[in-house]
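Here is the structure we will look at.
What follows draws every value from the coordinates through simple rules; no lab data is involved. What you see is a predicted model; the values in this text were computed from it and never measured. Counting neighbours? That spans all protein chains shown, and the Cβs are built from the backbone with ideal geometry, glycine included.
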Amino acid sequence: MTGANQKSFLKDRIYVCHTYYHVYVACLKELNARDGRGATLVLSRMSNDFGNLKERAEKSGIFEEVVEFDEKDYTYFPELVELKKDRGNLVRNMFQRMKFCKRLGELEAPFVPVDFREYQDIYVFCDSDPIGYYLSYKKIYYHAVEDGLDCIRYRDTARDDNRGAFPLKAWMAGRGLIFIQNGYGRYCLDMEVNDLSVLDHPMGKMIENNREALVRGLMEEDRARLVSMFIENKATLDAVLERAKSRRLPVILILTEPLCQDLAVREQLFRDMIEEYGFVEENGEKKRGVIVIKPHPRDLLDYQKAFPEELVLDAHFPMEILNFIGAEFDRVVTVYTVPSSIHCAREKVYLGNDWMDRYEDPSMHRSVTNAAKKITA
């Protein structure tokens, strides 16, 4: 690995994941590698409950080793909360930030479950989490991977989180004085994104690794392994989808997201979505479809309770897995989730900022860019 510490590596690859989607992409990358060398999968428990995914990932045989990581957010450490306070001017804030970045890396060290220096290639999803600070503190080179599908197109978190004197902050990050995610840190070798052409501010370290190309590289047995790994009880899911199909009605897939802190507002948002987009026009008449709800893994609203009349899928698998099980939908509807990777729907509706304006002050989501409503077939 170019720029890495000069030593002989004991192991080849390691992936640090914070979400089910991260694990899905790590699987795509590993299945496409086909080099016979093993890799380690690290599941951070900081912001996600992976349930028994560790055991299922081990059983899949895709990874040589699967490790859980009790990653700690900065709020776990009282002294770091104090260091996050605004000191009133840029100079004082930057000196304080330098101390914060180093100290977070130091404090995270006891919780890190592996020796990253043993690995030739380290892939980190969402390096804005403490793992990025740790690797920077330890001066360990790594590859960053885009958090979600084209997510930087819709919110460039590196720039958004560092508004005000961004060129200065980027310069400091490039020299290891502070840490900035998504390719700006000194020890980040490159930043892997899905599509460079859609980014407003591509930077030199960004490289393209198209997710659809990775999917096309899968063999049938690879797809079967992914289904068995991510879906604990496929028979139950098949039965739910067969029920929808047997009604001979349009089938509408609703992809939820953890939008709006108030769960009552969130429930109303998706209730309104079903009311407006749960119908398909046939022969000049509107026909209500069978509604299938796929909750986001981090969405805490109880959809079974809130929508007892609808079919609710298990939250704990990436939506892309629906492409591998023969599912068919007339329409998929989302707010901010990019639906382009769903190939089992005839129509894709992306609602974006205009929809969110109904449920919260527009200033709360103004950082989401390129988010106009889109309907594609």
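Here are a few things to note about the model shown:
- Residue with peak Gaussian network fluctuation, the chain [Cα springs, cutoff 10 Å], from Phe95, Phe279, Phe63: Phe95
- Spin-label model distance (nm) - Arg366 vs Asp302, 7 Å beyond Cα toward Cβ: 3.8 nm
- Shape summary of region 126-239, radius of gyration then Dmax from alpha carbon positions: 17.5, 56 Å.
- Once backbone amide H atoms are built at 1.01 Å from N, Val145 has Val124, Phe125, Cys126, Asp127, Glu192 as its partners under 5 Å, excluding neighbours fewer than 5 places away on the same chain.
- Our analysis of region 1-119 gives Rg over Rh at 1.06, with the two radii drawn from alpha carbon positions and Rh computed by the Kirkwood formula.
- Extension gain, Arg87 back to Glu257 (0.36 nm per residue minus Cα-Cα distance, nm): 57.7 nm
- Backbone geometry of region 345-350 corresponds, through the Karplus equation with coefficients 6.51, -1.76 and 1.60 at θ = phi - 60°, to 3J(HN,Hα) couplings of 10, 6, 10, 10, 10, 10 Hz, x marking Gly and Pro.
- Reachable lysines, given that their alpha-carbon falls under 24 Å from the alpha-carbon of Lys286 and they are not under 8 places away in the same chain: Lys245, Lys294, Lys348, Lys373, Lys374
- Calculated from the alpha-carbon coordinates, region 233-376 shows an Rg and a Dmax of 14.8, 44 Å respectively.
- Rg(Cα)/(2.2 N^0.38 Å) for the chain, N = residue count: 1.04
- Spin-label pair Glu118/Ala165, simplified geometry with 7 Å Cα→Cβ offset, distance in nm: 4.2 nm
- Packing order of peptides 169-182, 126-139, highest average first: 126-139, 169-182 (average count of other Cβ atoms within 10 Å over each peptide's residues).
- The distance linking region 316-349 with region 131-193 is 30 Å (Cα centroid to Cα centroid, whole angstrom).
- Here the simple spin-label model places points 7 Å from the Cα toward Cβ, and for Lys286 and Asp357 these points are separated by 2.2 nm.
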